[in-house]
Amino acid sequence: MYQLLSNRYYSTYGHVGKLAEEVKKGASSVEGVEAKIWQVPETLPEEVLGKMGAPPKPDVPVITPQELAEADGILFGFPTRFGMMAAQMKAFFDATGGLWREQSLAGKPAGIFFSTGTQGGGQETTALTAVTQLTHHGMVFVPVGYTFGAKLFGMDQVQGGSPYGAGTFAADGSRWPSEVELEHAFHQGKYFAGIAKKLKGSA
């Protein structure tokens, strides 16, 4: 069975990109699944990104809205801005009107993973508000739930993530995803791929 899963993300400093890599590994570990990573277009000028101290963008293909229709399942990753998805990802969703008109994404499974600066920065509100984008397209939201097990309940260290999806805390940008956060991302990719494969097989 051939299965194409797309991992679309936006990342300013690389934290979401790091999670995306683990999500892809997890999805690719499912037999018969091919996972790809794409990044959405940047909307900020290079001058502004330079003043923000943002590193150069990784060598990852930039996605166009129309290419979303080619995937059997899509995981979206993005950082939080004031408790919601970053403007770059929102701009990308705003450009999918043609897909909405044709209902090209209706019925496709979709998941979410994210990065926030602080513990009160929107690990859950970011996911909740992003679900509205999926709903208008008729996509099937696949949360990871508590399938990650006991590690999701750990209190011995700071860790991102929730039943909505894998996550990390970037703090001032110097904190990178922990081992547990990366494991959560891998698990989400694997879990999501399994669900997408079942849906594709029953179609």
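Laid out as a table, the results:
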read-out	value
ASP59-ALA106 pseudo-label distance in nm [points 7 Å out on the Cα-to-Cβ vector]	4.2 nm
Top of ALA185, ALA170, ALA69 by mean-square fluctuation, Gaussian network on the chain, Cα under 10 Å	ALA69
GNM result for the chain, Cα springs below 10 Å: residue of GLU34, GLU102, GLU21 fluctuating most strongly	GLU102
The chain: proportion of alpha-carbon pairs further apart than 25 angstrom, %	31 percent
Solvent-accessible area per residue, Å², over segment 2-201 with all protein chains present [probe radius 1.4 Å]	46 Å²
Share of carbon and sulfur in the accessible heavy-atom surface of segment 2-201 [1.4 Å probe, %]	58 percent
Spatially proximal lysines relative to LYS57 (Cα-Cα < 27 Å; intrachain offsets below 8 disregarded)	LYS18, LYS24, LYS25, LYS36, LYS90, LYS190
Contour excess over end-to-end distance, with Cα ends at GLU47 and VAL131 and 0.36 nm allotted per residue	27.0 nm
Using a Förster distance of 22 Å, the FRET efficiency for ALA150-GLU31 (Cβ separation, nearest 0.05)	0.25
Derived scalar couplings ³J(HN,Hα) [segment 73-78; Karplus, 6.51 cos²θ - 1.76 cosθ + 1.60; whole Hz; x for Gly, Pro]	x, 9, 10, 9, x, 6
Length released on extending from GLN157 to ALA69, taking residue separation times 0.36 nm less the Cα-Cα span	27.7 nm
Residue with peak Gaussian network fluctuation, the chain [Cα springs, cutoff 10 Å], from ASP72, ASP94, ASP156	ASP156
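The values are calculated or read from the model by the stated rules, or taken from the named source; none is laboratory data. Please read all numbers here as calculations on a predicted model, not as lab measurements. With ideal geometry, Cβ positions are generated from the backbone for all residues, glycine too; neighbour counts draw on all protein chains shown. Remember, those area values only see protein heavy atoms, side chains included, never the ligands or the DNA or RNA. Shrake-Rupley method; radii C 1.70, N 1.55, O 1.52, S 1.80 Å.
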